[in-house]
Each structure stands twice: as C-alpha cells, then as structure tokens.
Amino acid sequence: MNFPEIWVKRVIQNITNQSVAPWLDGIPELDADVTVLEEGSASEVTVINIPRANFNPDVLVNNSVYPIPVQAYTDDTIVLSIDKYQTKATSVSDDQIIGSAYDKIDATTRSHVRAILTKKFKKAIHSISPTSDAPATPVIAATGAIVGGVATLVYDDLVNLKDRFDADEVDPSGRHIVLSTKHWNDLLKDRERFGDKLINHNTGMPAPMIAGFMLHQYNGNPLFTSVGVKKAFGAVKAAGDREGSVAFWEGGIAKKTGMTKQYFTPASLDTANQANLLNYRHYFMALPFESRFIGAIY
C-alpha cells in the first residue's frame, strides 16, 4: 500500500549514487538555501541566493607609514536558477505492482533515473563551457592532423590552453579538462606518449593529469561551430560542427542539487485500465560563478 513512498526514496538514492560525471565530483555542493517561487504553478522556479566577494585587499610590503590606509570591503549577491528536469509519466499496471520488491522498483524507475542523469550532466557541461573565445574564456582550435575533415587534438593544444589559463592567473590546483570522446581517442592513438597515461588503474587515485589538467572523458560535450562558437543546448549537429573539450577551474564552478519529487496517480482512479501513473521532477545545476576560469578546445 505504501509503495509510492518507497519508490521515490529509491529513486533519490539511485540519482545520488549513480553519478556518471566524475568531473563534477571534486566540486562541493553550495551551502545555500533553496527558494521555490510560485510553487505548483506552470511558472515554478527554484533559485538560490549566493553572496559573492570579489574583494582583494591590497598588501603592503615593508610598510613604515601609519596609520595604514583603509580599504572599503565590497561584495554582492547573485541569484542562480536551478534547472528543472521532468520525465514523462510511465504507466504501471496493478498486476505489475502487487508483491513488488526492490528489483521491480529499480526495473520500473531505472529509465527515469538514467534519463534524468543523462540530461542533467549534458546540460551541466554545456553550461560550464564558454560561449566563444575571449581573454578570460579561451576557446581554441585543435591543431593536429586533419582526419575526416576535422583537426585532431595534440599535446600542444593542451599546452596552448594551459598558457591561456596561466595568463589569466587561474589557480594551477584544481584545473580540469573534460575531453570529448574524439579528443580522448586522439590522445589514445598517440601511444608513445599517452597510450598508457590516460587510464589510472590504481583504485581511489585521482584522475590522470597532463599539462596541468586532470583528465576526464565524457560523451556529451557541447557542440561548437567551425569558428569556435558554442551552439545552443540540444542543437542538432550540422556539417562543420564538432564537439569541444571543456576545461575549468573547480573553484569557479557552482553546483547545487535540489529536491526530487515523485508524481503518482493510483490505479483506483483509472477503472478501465487499472494502471498507475508515475513520473519524476528533479532539480540540479552546475555552472560558472562568472565568465572566467573556463575554456575549451574544439
């Protein structure tokens, strides 16, 4: 009789534990209260308010003048909207429900969990990546041999991106790059230098590192045009487009997991089909605090 309550707990557990985006693991959840605006309406929005301080006090060296000058502290607050992910309703008959255990729960809800995870992580890497090349958001073209009309990724490209991060004084600790599957394969083919360096076989050890970036692989990176402009989320790949590899400094990324809700209509309200309907709503976001400390290679 209480299976809907048991199911939603299981779904929350699976969404939490079945992470398929290790490149987000090192980013802590924001310690901020979540506010729901216009809850229950079609325009429901979940937001968080984050205090942000760009204040850096001047440092005096061997000062001998007193009193020490006063420097006013400044800060502000940014409001971030958490993305809302909803699955379409699934029909589950009473015959399937009777006597159901965790195996049945997982079998029925697994597709919902997988769909939510896939969509939210694709949206996250798209949000983290820069829109186009700028002094604080480098987007550079790969310079390797042309294969199938697209330049391959080479080691020099990673070094060029490192140069741009260095020029912007990005903290060397906590730099990550999420390679597209094609770029990962480009490095794999260079067996002499990288064939044995892309996979770390020591359980529990950090991701392999090349050119100062912790390496990750993801098959869902954003698309860039042939001139290095990021395409809209969900855009269809056109001729000349290619997936980009996305780099970021983990200290510049905001991550927040909101609530997960289950919606359930019992079979008792559907006398003809005697079927239950259920679907899920999940809130999550990952994006830069500002247009800085991020980059891409396409």
Scanning for something farther than 17 Å from residue 245 by Cα, under 25 Å from the mean Cα position of the chain (by Cα), open to solvent by 20 Å² or more (accessible area, probe 1.4 Å) and modelled with pLDDT under 90, does the stretch 125-148 turn up at least one residue? no
Filtered residue count, the stretch 243-287, keeping only those that are in contact with a helix residue (DSSP H, G or I) (Cβ under 8 Å, 6 or more places away or on another chain), open to solvent by 20 Å² or more (accessible area, probe 1.4 Å), part of a strand (DSSP E or B) and not β-branched (Val, Ile, Thr): 8
Subset of the stretch 150-159, residues open to solvent by less than 70 Å² (accessible area, probe 1.4 Å) and either more than 23 Å from residue 235 (Cβ to Cβ) or touching a residue at least 40 places away in the same chain (Cβ under 8 Å) (or both), comes to 150, 152, 153, 154, 157, 158, 159
Across the stretch 1-24, which residue is modelled with the highest pLDDT among those that are surrounded by 11 or more Cβ atoms within 10 Å (Cβ to Cβ) and outside any helix (DSSP H, G or I)? 21
Pairs, first over 22 Å from residue 91 (Cβ atoms) in the stretch 4-20, second part of a helix (DSSP H, G or I) and at pLDDT below 65, C-beta under 9 Å, six or more apart: none
Looking at this structure, is residue 295 outside any strand (DSSP E or B), touching a residue at least 40 places away in the same chain (Cβ under 8 Å) and of a type in the set (Gly, Ala, Ser)? no
Among (1) within 30 Å of residue 278 (Cβ to Cβ); (2) open to solvent by less than 100 Å² (accessible area, probe 1.4 Å); (3) at pLDDT 80 or above, the one test that residue 86 misses: (2)
Index of the failed condition, residue 59 passing every other in (1) over 26 Å from the mean Cα position of the chain (by Cα); (2) at pLDDT below 75; (3) open to solvent by 50 Å² or more (accessible area, probe 1.4 Å): (2)
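The values are calculated or read from the model by the stated rules, or taken from the named source; none is laboratory data. Remember, it's a predicted structure, so these values are computed and weren't measured experimentally. Every residue, glycine as well, gets a Cβ built from its backbone with ideal geometry; the counts of neighbours run over all protein chains shown. Accessible surface areas use protein heavy atoms only, side chains included; no ligands, DNA or RNA. Shrake-Rupley method; radii C 1.70, N 1.55, O 1.52, S 1.80 Å.
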